[in-house]
Amino acid sequence: MKKSISIIGVGGKMGKWFAKYFLTNGYEVTGYDTEEDFSIKGMINAKSLVGAVLKAEFVMLCTPTRRTPEIIRLIAKEMRRDAYLIEISSQKSKTATSLSKMPSKVNPICIHPMFGPVTKKIKGQHIISIPIKDAIKELTVARSLFPGANFVTIDVIEHDKKIAVILGLTHLINVVFANILAKDDKISLTEKMSGTTFRAQKILTESIMTESPELIETIISNPEIRRVAEEFWRDIGRLLTSVQEGKTEEVIEYIKSGQERLSKNIDLEKASKKLTIMINAIEKNA
């Protein structure tokens, strides 16, 4: 007998990805979305939110982060006993609290998939697991849903701190960079003049800008980002001031200090080679 899973928010990019993933892996998939067109071959379309969750063994929320805690409260009491409610948002403080307050009949699975909707295979992809009630049980079930993925377990507070750097700072930097590029009325000339570093940065920026404005806003509104963003802004100001004042030694010392700290965990020479290989591979297959 097929396992059953309902995807709430199936009209979004990740909702569609997970629906197709579970269909491919033999699940009976039901989808529900209030706003999007979510017709997917082989999927059952639910007519209501409650109707989507009543009988499902697994319910996955691919909903906007701000709405997720409210949806958890709405559906948890309607779900069948021993069902699993899977939550995948990029910020965990409020959603984890809502999961911990669910009726005991429902099992929480709090994960953060660190991949996007263009991913072709789950093998080797990173998924973060945040314990809610029973860390071992929750991780075991998550592994069974995504065999071959690499799991990292971390508590909710540390998750949001790490994600402030991993997603928040990178998105913040690239959104600003994208807007600067958008003002370049000679971008084709800029591209002709560019080297490997610029091309790699531009690809990353363009990729981030394919995401919805609502998702990007959610990512950069992580309360934990303020600390790292303020440090980033402060260091930029410090470097620019030092350059303008001709304090060459201060700038060089700042760069050397960063190089030394990074070199303790990273082979910087290999990183440079990897960048060249990556760009050559992308441009060859473009």
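Quick note: the coordinates plus some simple rules give every number you see, no bench work behind them. All values derive from a computational prediction rather than experimental measurement. As a convention, Cβ positions derive from the backbone with ideal geometry for all residues, glycine included, and neighbour counts pool all protein chains shown.
In the chain, which helices (entire DSSP H runs) extend 24 Å or more along their own long axis, judged by Cα positions, while averaging at least -0.5 on the Kyte-Doolittle scale?
225-244, 268-285
Expressed in whole Å with the largest first, what are the equivalent ellipsoid semi-axes of region 125-282 derived from the C-alpha gyration tensor as the square root of 5 times each eigenvalue?
Equivalent ellipsoid of region 125-282: 33, 22, 19 Å, largest first.
Sort Thr218, Thr190 by Cβ crowding within 10 Å, fewest neighbours at the top.
Ranking Thr218, Thr190 by Cβ neighbours within 10 Å, fewest first, gives Thr190, Thr218.
According to a simple spin-label model (label point 7 Å from Cα along Cα-to-Cβ), what is the distance in nm between Ser257 and Lys137?
Between Lys137 and Ser257, the simple spin-label model gives 4.9 nm.
Roughly what percent of Cα-Cα pairs across region 145-234 reach past 18 Å?
56 percent
If you average over every viewing direction, what projected area does the convex hull of the Cα atoms of region 4-154 give, in nm²?
The number I arrive at for region 4-154 is 7.8 nm².
How big is the antiparallel share of DSSP beta bridges in the chain, given as a percent to the nearest 5?
Of those bridges, close to 10 percent are antiparallel.
At what distance in nm do the modelled label points of Val228 and Ser144 sit from each other, each positioned 7 Å from its Cα along Cα→Cβ?
Output for this residue pair reads 3.4 nm.
Give a quick list of GluC sites (Glu not before Pro) in region 13-42 that DSSP marks as loop, anything other than H, G, I, E or B, with at most 11 other Cβ atoms within 10 Å.
Sites meeting the loop and neighbour criteria: Glu35.
Report the calculated FRET efficiency for Ala182 and Glu214 (r = Cβ-Cβ distance, R0 = 25 Å), to the nearest 0.05.
0.80
When Lys13, Lys133, Lys47 are ordered from fewest to most other Cβ atoms inside 10 Å of their Cβ, what list results?
Lys47, Lys133, Lys13
Of Val29, Val243, how do they rank once you tally other Cβ atoms within 10 Å and put the fewest first?
Least to most surrounded, the residues fall as Val243, Val29.
Out of all Cα-Cα pairs in region 1-71, roughly what percent, to the nearest whole number, are more than 16 Å apart?
Above the 16 Å cut-off, region 1-71 has 39 percent of its Cα pairs.
Given the -39500 (n - 2.57) contribution per DSSP H run of 4+ residues, what per-residue ellipticity at 222 nm results for the chain, rounded to the nearest 500 deg cm²/dmol?
It lands at -16000 deg cm²/dmol.
Using modelled amide H (1.01 Å from N, peptide plane; none on Pro or chain starts), what sits under 5 Å from the amide H of Asn150, excluding residues fewer than 5 places away?
Gly124, Gln125, His126, Ile127
For region 19-90 and region 105-175, write down the distance between their C-alpha centroids in whole Å.
18 Å
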